[in-house]
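Asker: One structure, pasted below without further comment.
Each reported figure results from applying straightforward, stated rules to the coordinates on display, with no laboratory input. Worth saying up front: this structure is predicted, and the values here are computed from it rather than measured. Neighbour counts are summed over all protein chains in view; Cβ atoms, including those assigned to glycine, are modelled from backbone coordinates with ideal geometry.
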Amino acid sequence: MNGSDAPSYDSMRNLRWSPAEKAIARKAFDLVLQREFSAVIDEARKMMANVKQVSALWELEQYLTERRKDIDRRYDYRYSVLPVVFGNLISEGRLSERELHGLGEDKLQCIRKYAKT
């Protein structure tokens, strides 16, 4: 552990993911990403329903561009950073630890620590 009480990058990079854990992680990742996409689609539909002027259309475009950048930055499926991704998603209320049931305790400990920071 480093001074921030969060696992170091090296300790996360050295985690070994079993095939079953990879399947659990992929399912949870895809689930929360789909929720994110659904929320964006819902909001875009609401915004589009109110488009009466070109300026509102550009606001929609700006919203979609910002959301895409945010999603691209937030969701990274590399195993070396998944504990950080999952921890952040838990702390934001987008994912529950229950949805990660079946991951090894070593991964869950890392995720929990990132969820607290």
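Asker: For the chain, what is the charge dipole size about the Cα centre, in debye to the nearest 20, if Lys and Arg each add +1 at the Cβ and Asp and Glu each add -1 at the Cβ?
Answerer: Value, rounded to 20: 140 debye.
Asker: I'd like the distance separating the alpha-carbon centroids of the stretch 81-110 and the stretch 31-71, in whole Å.
Answerer: Computed from Cα coordinates, the inter-centre distance equals 27 Å.
Asker: Can you pick out the pairs among K46/K116; K46/K113; K27/K116; K69/K107; K22/K46 whose Cα atoms lie more than 31 Å from each other?
Answerer: From K46/K116; K46/K113; K27/K116; K69/K107; K22/K46, over 31 Å: K46/K116; K46/K113; K22/K46.
Asker: In the stretch 9-116, with Lys and Arg counted as +1 and Asp and Glu as -1 at Cβ, which of these residues, L31, H101, A49, has the Cα nearest the positive end of the dipole, that is, farthest along it?
Answerer: Of the options given, the answer is H101.
Asker: Still on this structure, I have one more. I'd like the Karplus ³J(HN,Hα) series for the stretch 62-75: coefficients 6.51, -1.76, 1.60, θ = phi - 60°, whole numbers in Hz, and an x wherever there's a Gly or Pro.
Answerer: My calculation for the stretch 62-75 gives 5, 4, 5, 5, 5, 5, 4, 4, 4, 5, 4, 6, 7, 9 Hz in order.
Asker: Which of rounded, prolate, oblate describes the chain, given a ≥ b ≥ c as roots of the alpha-carbon gyration tensor eigenvalues and a/c under 1.5 marking rounded, otherwise prolate only if a/b is larger than b/c?
Answerer: prolate
Asker: OK, next. Starting from the Cα-Cα distance between R112 and D76, subtract it from 0.36 nm times their residue separation and give me the gain in nm to one decimal.
Answerer: Here the segment from R112 to D76 would lengthen by 11.2 nm.
Asker: Most fluctuating residue of S91, S38, S80 in a GNM of the chain with Cα springs under 10 Å: which is it?
Answerer: S38
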